Amino acid sequence: MNFYRVKQFYWSISSKVEDKDKEFINKHLNHSELKLFYKLSKSEQKHSIKVAYDVEYTCKQQNINSSLLIKAALLHDIGKIIKKLSVIDKSIIVMADNITKGSIKRLSKIEKVNVYYNHGKLGCNILEKYSYDKNLLYLIENHHNFEIKGNKELDILRECDDKN
Ligand SMILES: [Fe+2]
Ligand SMILES: [Fe+2]
């Protein structure tokens with residue numbers, strides 16, 4: 001277990017969406033996006049909000065327009081609404097991934113395993129129905145795809161995701 005996992009575990013049991021968070025998401029998501037967002041587990045909601053705060057801060061620092069990236073941050077894990085993963089599920093998958101050196105990925109017929117590894121693509125599929133900006137879909141689809149290098153927006157999203 002690395003440090004971030006421990007932190008994520010801690011957050012997932014202590015997370016609470018506060019009023020100022022709600023104000024923030026209301027500002028950045030429209031009606032149908034909010035509906036999707038609230039289907040995430042409480043800890044995923046909190047995680048996404050924190051990623052979005054970090055994205056906003058980073059964009060301010062670097063003088064980049066943040067509106068698309070904040071929306072992407074709030075919705076980046078939306079693929080997880082397909083099947084909720086508990087902290088225990090995630091711990092089991094992480095352990096199994098370590099033990100099998102990643103070959104557990106191939107068991108994507110198991111829905112929880114599929115969601116864990118492919119929630120970027122799954123999220124993209126969900127949002128495609130709402131005729132989104134291609135760039136937003138791209139960011140969400142590839143937020144765990146480390147083969148793509150040199151995309152500044154994707155780098156910001158991934159960095160902020162990792163920290164939270
Ligand atoms: Fe993710
Ligand atoms: Fe995430």
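Starting from the 7 Å offset along Cα-to-Cβ, what nm value, one decimal, do you get for the label separation of Val6 and Tyr38? So the label points at Val6 and Tyr38 sit 3.7 nm apart. Taking a straight Cα-Cα cut-off under 18 Å and skipping sequence neighbours fewer than 8 places away in the same chain, the aspartates and glutamates within cross-link reach of Lys42 are Glu18, Asp19, Asp21, Glu23, Glu33, Asp77, Asp89, Asp161. Entry note, the stretch 21-163: relative contact order of 25 percent, from Cα contacts under 8 Å with a spacing of 6+ residues. Helix 87-99 axis versus longest C-alpha principal axis of the chain: approximately 60°, rounded to the nearest ten.
Using a 1.4 angstrom probe, figure out how much accessible area the stretch 21-163 has per residue, in square angstrom, rounded to the nearest whole. Before the final figure, lay out the partial values.
Details: 7770 Å² over 143 residues.
Normalised by residue count, the accessible surface of the stretch 21-163 is 54 Å².
Once both labels are positioned 7 Å from their Cα atoms along Cα-to-Cβ, the gap between Met95 and Gln61 label points is 3.6 nm. Stretching the chain fully between Leu107 and Ile88 yields a gain of 5.0 nm (0.36 nm per residue, less the alpha carbon separation). Overall, the accessible surface of the chain at a probe of 1.4 angstrom is composed of carbon and sulfur to the extent of 54 percent.
The values are calculated or read from the model by the stated rules, or taken from the named source; none is laboratory data. All values derive from a computational prediction rather than experimental measurement. Don't worry about glycine lacking a Cβ; one is built from the backbone with ideal geometry, like all the others, and counts go over all protein chains shown. Quick note on the areas: whole protein, heavy atoms, side chains included, nothing else; ligands and nucleic acids left out. Shrake-Rupley method; radii C 1.70, N 1.55, O 1.52, S 1.80 Å.
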